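The values are calculated or read from the model by the stated rules, or taken from the named source; none is laboratory data. In this text, all values refer to a predicted model and were calculated from it rather than measured experimentally. Here Cβ is always computed from backbone atoms with ideal geometry, including for glycine, and neighbour counts include all displayed protein chains.
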Amino acid sequence: MVAAASVVALVGTVTGMVSALDHGRGSDQARPEVTGTPSRAPLPALPEPSPSPSRTTRTPTAEPETPEQQAPTPSPTRAERKQRTDAVTPRLYRHPDSQVLDWVRAHPDDPRTALIASRIADRPAAVWFADYSPDTIAAKVRAVTAGAAAQGRVPVLVPYAIPDRDCGGASQGGAPDLEAYDAWIDAFAEGLGSDEVIVILEPDSVAQSDCLPDADRAARFASLARAGRALKAANPRARVYYDAGHSGWNPPDKQAALLRQAGAGAADGIFSNVSNFHTTADEIAYDRQVLDALGGPASLGAVIDTSRNGNGAPPDHQWCDPAGRRIGRAPTLTTGEARIDAYLWVKTPGESDGCKGAPGTFTPSYAYDLAR
């Protein structure tokens, strides 16, 4: 994995978040088994968006931020708000099964527990689905979405099974081929239910696609476009976001061109900074430039992973549990920023990249350093 990439280490369990896996930390308590893989029906084609000629350069800021800081960018106008589709509720779902919650419950007398509980464990984080398990994936997803619906909250789901995942790096794996992936994503979509849900579709799958031969990259993008259509067809209230890397990776116009090929203009927008450290201000500026270059409906927006970006990216571009980082803004669906739909914790702070602990495991000393 190159240092610029949105690193998602995955060894045994998924780094950076609650995970719904069959191995590693243990079974998901809310995962009934299902049998059979659904047949894939052709999905309706959606029109490609027209590219926008607006392609400005990034102007990053090096100022660190705290979770309480407010960005100076103006709030969206009333007209801009009306352009958005399906206004979201202000509450995100905290899955009851996570490594950080397990640690907090098991260590009530540890002097670090109160801080870790209040600043990390009590906040909602994404649920990742990284196992290629076509016979059970629908039930696993349904267990999460049903739990969220029962509380009137919005879950954040991360399907992460694209073939050639992570270009053979630390998070390699996924479905054996794209045909198998198409079947898996169809089964994933069956579990979405009918309530609102946010889907972070395949981190790194677009920004890190340069490792693939041209024909393989085109095939991946066709499969991602199909995945977006499948998710929206299964649940029209699902908000589907595509991989935009982060502000220190591809230039906005290049990233927009890749996203256009992957069908992002027909979804709800883009996501950035997954498992990375770039400041929210940098990501807001970058995401808006990507959206301008992408074109498409004015309703397209962006979501940003703010889980570890409170002090910004380290100057040496270190990605593996770098020292001196802090948690960023708390997860919210109310950002007050035009075209920025949410700040999310796609990665749970304290789950190691592999340097302060085993990859994907919760490391209390690291969590404490991030939270204080």
Check on residue 252, buried (at least 23 other Cβ atoms within 10 Å of the Cβ) and over 15 Å from the mean Cα position of the chain (by Cα): yes
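Condition check ((1) within 29 Å of residue 237 (Cβ to Cβ); (2) at pLDDT 95 or above) across all residues:
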site	(1), (2)
270	yes, yes
290	yes, yes
293	yes, yes
300	yes, yes
304	yes, yes
310	no, yes
316	no, no
346	yes, yes
359	no, no
The range 94-108, residues that are at pLDDT 95 or above, more than 14 Å from residue 363 (Cβ to Cβ) and surrounded by 19 or more Cβ atoms within 10 Å (Cβ to Cβ): 94, 95, 101
Test: residue 321 is free of Cβ contacts under 8 Å to residues at least 40 places away in the same chain and surrounded by fewer than 24 Cβ atoms within 10 Å (Cβ to Cβ): no
Residue match in the range 79-88 (condition: among the acidic types (Asp, Glu), over 26 Å from residue 249 (Cβ atoms) and at pLDDT 50 or above): no
Given (1) touching a helix residue (DSSP H, G or I) at 6+ places or on another chain (Cβ under 7 Å); (2) buried (at least 22 other Cβ atoms within 10 Å of the Cβ), number of the condition residue 346 does not satisfy: (1)
Residue ID - nearest to the chain's Cα centre (by Cα), chosen from residues in the range 311-339 that are among the small types (Gly, Ala, Ser) and more than 22 Å from residue 361 (Cβ to Cβ): 330
Residue list for the range 325-351, restricted to those being more than 13 Å from residue 93 (Cα to Cα) and among the β-branched types (Val, Ile, Thr): 327, 334, 335, 340, 348
Among the residues listed as 135, 131, the single one being assigned to a loop (DSSP other than H, G, I, E, B), farther than 20 Å from residue 326 by Cα and either in contact with a strand residue (DSSP E or B) (Cβ under 7 Å, 6 or more places away or on another chain) or modelled with pLDDT under 95 (or both): 131
Hits in the range 209-242 (condition: touching a strand residue (DSSP E or B) at 6+ places or on another chain (Cβ under 8 Å) and either in a loop (DSSP other than H, G, I, E, B) or closer than 20 Å to residue 171 by Cα (or both)): 224, 235, 237, 242
Flag for residue 121 being surrounded by 18 or more Cβ atoms within 10 Å (Cβ to Cβ), small (Gly, Ala, Ser) and either more than 29 Å from residue 268 (Cβ to Cβ) or at pLDDT 95 or above (or both): yes
Residue list for the range 358-372, restricted to those being of a type in the set (Gly, Ala, Ser), crowded, with 19+ Cβ neighbours inside 10 Å and more than 19 Å from the chain's Cα centre (by Cα): 367, 371
Whichever residue in the range 185-224 is over 15 Å from the mean Cα position of the chain (by Cα) and among the hydroxyl-bearing types (Ser, Thr, Tyr) and, among such residues, is surrounded by the most Cβ atoms within 10 Å (Cβ to Cβ): 223
Whichever residue in the range 144-183 is in contact (Cβ under 8 Å) with a residue 60 or more places away in the chain, under 30 Å from residue 91 (Cα atoms) and crowded, with 20+ Cβ neighbours inside 10 Å and, among such residues, is farthest from the chain's Cα centre (by Cα): 144
The range 266-286, residues that are at positive phi and touching a strand residue (DSSP E or B) at 6+ places or on another chain (Cβ under 6 Å): 269, 273
Boolean, residue 247 is among the hydroxyl-bearing types (Ser, Thr, Tyr), outside any helix (DSSP H, G or I), under 20 Å from residue 348 (Cα atoms) and in contact with a Lys or Arg (Cβ under 8 Å, 6 or more places away or on another chain): no
